[in-house]
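Colleague: Let me give you the structure first, and then I'll get to my questions.
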Amino acid sequence: GVLFNKTGTILIQYPFGNNATSYKIPANVESIGNNAFESATKLETVTFEAGSKLDTIGIGAFQNASSLTSVTIPSSVTSIGASAFNGAKGLTEINIPASVTSIGTSAFLRGGLTDITVESSNTYYTAIDNVLFNKTGTILIQYPVGNDATSYEIPANVESIGDYAFQGATSLTTVTFEAVSKLTSIGENAFRDTTALTSITIPSSVTSIGANAFYQSGLTTVYIANGQLTDITS
């Protein structure tokens, strides 16, 4: 009942009205197509046959698969598309294998992640205290928005907070920055929907704040330190 290309290497469409709670992806599949499992709300577990050849998880592949609780990404995967797990609210843990070289914007947006881990031999990404960064730790890519911590301190080495990085982190009441912060940019929608966040002090090193960076947050006070801020996008 699942649509593939003729050779079975591309999984094009899973029937999202199917009532099955689990599905095993054949070993021959090299690519999960864009939006292939989108809104498959009954699926709880996706597994892979032994010897999986999967290379690519497409854009929005598991978007709004809201019951999904378990996916183990095979060690053959190199690319995870934008919004791949966006809205997969049941998914609390994800491990990024060493093979992954590309993760698209908002790949884990609006989810329930509490733990993000990255294999230590990955040369493109790392996880620090369950937060996803690029390998050098200069770009904060994704905070696990299902985490119930009320505060988070952004490391001094971070130069950029990525688009959507904290969106929907509704437990956070306080975000601070380590001393001598190197932060220069806050991405689009970076703190959107952080409804418990009431105040923030933006470091003097920041030069750019992206569109909707604090949209629908709980902010009542924003302090912009005397510095180099030249661009606030509306």
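Colleague: Pull out all pairs, ordered by first then second residue, where Cβ-Cβ is under 9 Å, the residues are six or more apart or on different chains, the first lies in the stretch 48-74 and is among the charged types (D, E, K, R), and the second is part of a loop (DSSP other than H, G, I, E, B) and open to solvent by 50 Å² or more (accessible area, probe 1.4 Å).
Modeller: Close Cβ pairs (under 9 Å, with a partner that is part of a loop (DSSP other than H, G, I, E, B) and open to solvent by 50 Å² or more (accessible area, probe 1.4 Å)) amount to E49/N28; K53/N28; K53/E30; D55/E30.
Colleague: For T92, which of the numbered conditions (1) hydroxyl-bearing (S, T, Y); (2) over 23 Å from S31 (Cα atoms); (3) open to solvent by less than 30 Å² (accessible area, probe 1.4 Å) fails to hold?
Modeller: Of everything listed in (1) hydroxyl-bearing (S, T, Y); (2) over 23 Å from S31 (Cα atoms); (3) open to solvent by less than 30 Å² (accessible area, probe 1.4 Å), T92 misses just condition (3).
Colleague: Moving to a separate point now. Please go through the stretch 64-78 and pick out each residue that is assigned to a loop (DSSP other than H, G, I, E, B) and of a type outside the set (A, V, I, L, M).
Modeller: Residues satisfying the conditions are N64, S66, S67, T69, T72, P74, S75, S76, T78.
Colleague: Taking S75, is it open to solvent by 20 Å² or more (accessible area, probe 1.4 Å) and at pLDDT 95 or above?
Modeller: Answer is yes for this residue.
Colleague: I would also like to ask the following. Do we find that Y164 is surrounded by 18 or more Cβ atoms within 10 Å (Cβ to Cβ), within 19 Å of the chain's Cα centre (by Cα), modelled with pLDDT of 95 or more and on the phi > 0 side of the Ramachandran plot in this structure?
Modeller: Taking the combined requirement at face value, the residue satisfies it.
Colleague: Still on this structure, I have one more. Looking at T105, T117, T201, can you tell me which residue is modelled with pLDDT under 95, open to solvent by 50 Å² or more (accessible area, probe 1.4 Å) and part of a strand (DSSP E or B)?
Modeller: So the residue among T105, T117, T201 that is modelled with pLDDT under 95, open to solvent by 50 Å² or more (accessible area, probe 1.4 Å) and part of a strand (DSSP E or B) is T201.
Colleague: Would you check which residues across the stretch 132-156 are touching a strand residue (DSSP E or B) at 6+ places or on another chain (Cβ under 9 Å), modelled with pLDDT of 95 or more and either open to solvent by 50 Å² or more (accessible area, probe 1.4 Å) or outside any strand (DSSP E or B) (or both) and list them?
Modeller: Answer for the stretch 132-156, where residues must be touching a strand residue (DSSP E or B) at 6+ places or on another chain (Cβ under 9 Å), modelled with pLDDT of 95 or more and either open to solvent by 50 Å² or more (accessible area, probe 1.4 Å) or outside any strand (DSSP E or B) (or both): K135, T136, G137, T138, I139, Y143, P144, T150, S151, E153, P155, A156.
Colleague: For the stretch 183-194, state whether one or more residues are within 22 Å of A107 (Cβ to Cβ), surrounded by fewer than 21 Cβ atoms within 10 Å (Cβ to Cβ) and touching a Lys or Arg at 6+ places or on another chain (Cβ under 6 Å).
Modeller: no
Colleague: Filter the stretch 60-72 for residues that are among the small types (G, A, S), open to solvent by less than 30 Å² (accessible area, probe 1.4 Å) and under 21 Å from V118 (Cβ atoms) and give the result.
Modeller: A61 - this is the single residue of the stretch 60-72 that is among the small types (G, A, S), open to solvent by less than 30 Å² (accessible area, probe 1.4 Å) and under 21 Å from V118 (Cβ atoms).
Colleague: I'm trying to understand the selection: among the residues of the stretch 2-23, which are farther than 18 Å from D55 by Cβ and not in a loop (DSSP other than H, G, I, E, B)?
Modeller: Scanning the stretch 2-23 gives L3, Q13, S22, Y23.
Colleague: Among (1) surrounded by 16 or more Cβ atoms within 10 Å (Cβ to Cβ); (2) assigned to a loop (DSSP other than H, G, I, E, B); (3) at pLDDT 95 or above, where does V175 come up short?
Modeller: Condition (2) is where V175 drops out.
Colleague: Also, I was wondering about something else. If the requirement is being farther than 27 Å from D129 by Cβ, modelled with pLDDT of 95 or more and touching a Ser or Thr at 6+ places or on another chain (Cβ under 8 Å), which of these qualifies: I32, I96, I80?
Modeller: I32
Colleague: Of all residues in the stretch 13-30, which are among the hydrophobic types (A, V, I, L, M, F, W, C) and either open to solvent by less than 70 Å² (accessible area, probe 1.4 Å) or more than 25 Å from the chain's Cα centre (by Cα) (or both)?
Modeller: Within the stretch 13-30, A20, I25, A27, V29 qualify.
Colleague: Can you name every residue in the stretch 43-52 that is part of a loop (DSSP other than H, G, I, E, B) and either surrounded by fewer than 16 Cβ atoms within 10 Å (Cβ to Cβ) or acidic (D, E) (or both)?
Modeller: Correct list: E44, E49, A50, G51.
The values are calculated or read from the model by the stated rules, or taken from the named source; none is laboratory data. What you see is a predicted model, and the numbers here were worked out from it, not measured in a lab. Because the Cβ atoms are built from the backbone with ideal geometry, glycine has one as well, and the counts that use them run over all protein chains shown. Just so you know, the surface numbers come from the protein's heavy atoms only, side chains and all, with ligands and any DNA or RNA stripped out. Shrake-Rupley method; radii C 1.70, N 1.55, O 1.52, S 1.80 Å.
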